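In what follows, a single structure is set out as structure tokens and then discussed.
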Amino acid sequence: FAGNLSSWLDRRMYLFGEYEQMNIDAFLAAVPRERRGVVLDVGANVGTHSMAFAQHFKQVHAFEPNPALWPNFSRNMAINGLSNVILHQRGLADRDAELPFYSIEKNNFGLGTCSHVQQYDLPLKEIGTVQVARGDDYARQQGIGLIDAIKIDVQGFEPEVLRGLRERLKTDRPIVW
């Protein structure tokens with residue numbers, strides 16, 4: 001695992017070899033083995049969930065708009081030999097757009113969001129912009145077939161992600177976590 005020891009998540013991975021393992025186990029328990037073709041990891045951060053999902057799904061499509069996280073995500077997939085994980089360097093939303101991206105002044109890039117709603121012990125501050133795509137259209141453009149499961153962790157931007165995947169939610173009927 002590649003990371004930075006000043007990050008709580010990275011330090012947990014280094015020391016214990018896992019992050020949110022109980023949540024990952026619960027997610028996997030909710031997805032029947034015959035429905036483990038394609039999973040979307042929306043809000044992939046540095047790839048901890050994507051790495052776990054790669055062991056159980058044929059294909060993992062990981063979405064992360066924060067460019068500060070891409071190098072460690074890519075390195076984590078490479079050092080673990082995970083060729084079934086595809087990083088999409090954008091977020092999912094209910095429209096194609098370039099949106100303001102917010103975070104807090106703390107060494108935790110995983111708290112970044114496109115939501116401007118205050119939700120932390122420190123105030124949100126705009127740190128740049130990121131690209132987002134309407135989920136249904138983007139999945140079709142990328143040739144992503146039947147979606148079996150979706151994990152979403154985007155710090156308050158979940159409603160926009162779900163609205164953008166409305167068609168896939170109706171037709172594919174994935175397990176959403």
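The values are calculated or read from the model by the stated rules, or taken from the named source; none is laboratory data. Bear in mind that the values here come from a model prediction, so they are computed numbers and not experimental data. Heads up, the Cβs are rebuilt from the backbone with ideal geometry, glycines too, and the neighbour counts pull from every protein chain shown. Surface areas here come from the heavy atoms of the whole protein model, side chains and all, with no ligands, DNA or RNA. Shrake-Rupley method; radii C 1.70, N 1.55, O 1.52, S 1.80 Å.
Inspect the stretch 75-85 for any residue being open to solvent by less than 20 Å² (accessible area, probe 1.4 Å), touching a residue at least 40 places away in the same chain (Cβ under 8 Å) and either in contact with a Phe, Trp or Tyr (Cβ under 8 Å, 6 or more places away or on another chain) or not β-branched (Val, Ile, Thr) (or both) and give the result as yes or no. Taking every residue of the stretch 75-85 in turn, at least one turns out to be open to solvent by less than 20 Å² (accessible area, probe 1.4 Å), touching a residue at least 40 places away in the same chain (Cβ under 8 Å) and either in contact with a Phe, Trp or Tyr (Cβ under 8 Å, 6 or more places away or on another chain) or not β-branched (Val, Ile, Thr) (or both). Within the stretch 106-121, the set of residues being at pLDDT below 75, crowded, with 19+ Cβ neighbours inside 10 Å and farther than 15 Å from Ser6 by Cα is empty.
So, of the residues in the stretch 49-68 that are without any contact (Cβ under 8 Å) to a residue 60 or more places away in the chain and open to solvent by less than 10 Å² (accessible area, probe 1.4 Å), which turns out to be nearest to Gly128 (Cα to Cα)? Result: Phe63. Would you confirm whether or not the stretch 156-174 contains a residue that is assigned to a strand (DSSP E or B), crowded, with 18+ Cβ neighbours inside 10 Å and touching a residue at least 12 places away in the same chain (Cβ under 8 Å)? For the stretch 156-174, residues assigned to a strand (DSSP E or B), crowded, with 18+ Cβ neighbours inside 10 Å and touching a residue at least 12 places away in the same chain (Cβ under 8 Å): absent. Against the list (1) more than 23 Å from Glu167 (Cβ to Cβ); (2) surrounded by fewer than 18 Cβ atoms within 10 Å (Cβ to Cβ); (3) not basic (Lys, Arg), the condition Ala30 fails is (1). Hey, Gln89 hits all of (1) open to solvent by less than 60 Å² (accessible area, probe 1.4 Å); (2) under 12 Å from the mean Cα position of the chain (by Cα) but one; which does it fall short on? Failing condition for Gln89: (1). Screening Ser6 against (1) surrounded by 19 or more Cβ atoms within 10 Å (Cβ to Cβ); (2) assigned to a loop (DSSP other than H, G, I, E, B) leaves a single unmet condition, (1). Could you tell me whether any residue of the stretch 53-62 is modelled with pLDDT under 95, farther than 25 Å from Tyr14 by Cβ and out of contact with any Cys (no Cβ under 7 Å at 6 or more places or on another chain)? So far as the stretch 53-62 goes, no, none of its residues is modelled with pLDDT under 95, farther than 25 Å from Tyr14 by Cβ and out of contact with any Cys (no Cβ under 7 Å at 6 or more places or on another chain). Looking at the stretch 14-43, I want the residues that are among the hydrophobic types (A, V, I, L, M, F, W, C) and have a partner that is modelled with pLDDT of 95 or more and open to solvent by 70 Å² or more (accessible area, probe 1.4 Å) with Cβ atoms under 6 Å, at least 6 apart or on another chain. Which pairs are those? Once the first residue is among the hydrophobic types (A, V, I, L, M, F, W, C) and sits in the stretch 14-43, its partners that are modelled with pLDDT of 95 or more and open to solvent by 70 Å² or more (accessible area, probe 1.4 Å) give Leu28/His56. Note on the stretch 140-154: among residues that are open to solvent by 30 Å² or more (accessible area, probe 1.4 Å) and of a type outside the set (A, V, I, L, M), the one that is nearest to Thr113 (Cα to Cα) is Asp153.
Of Val46, Val31, all but one fail to be within 13 Å of Ile175 (Cα to Cα) and either β-branched (Val, Ile, Thr) or touching a His at 6+ places or on another chain (Cβ under 6 Å) (or both); the exception is Val31.
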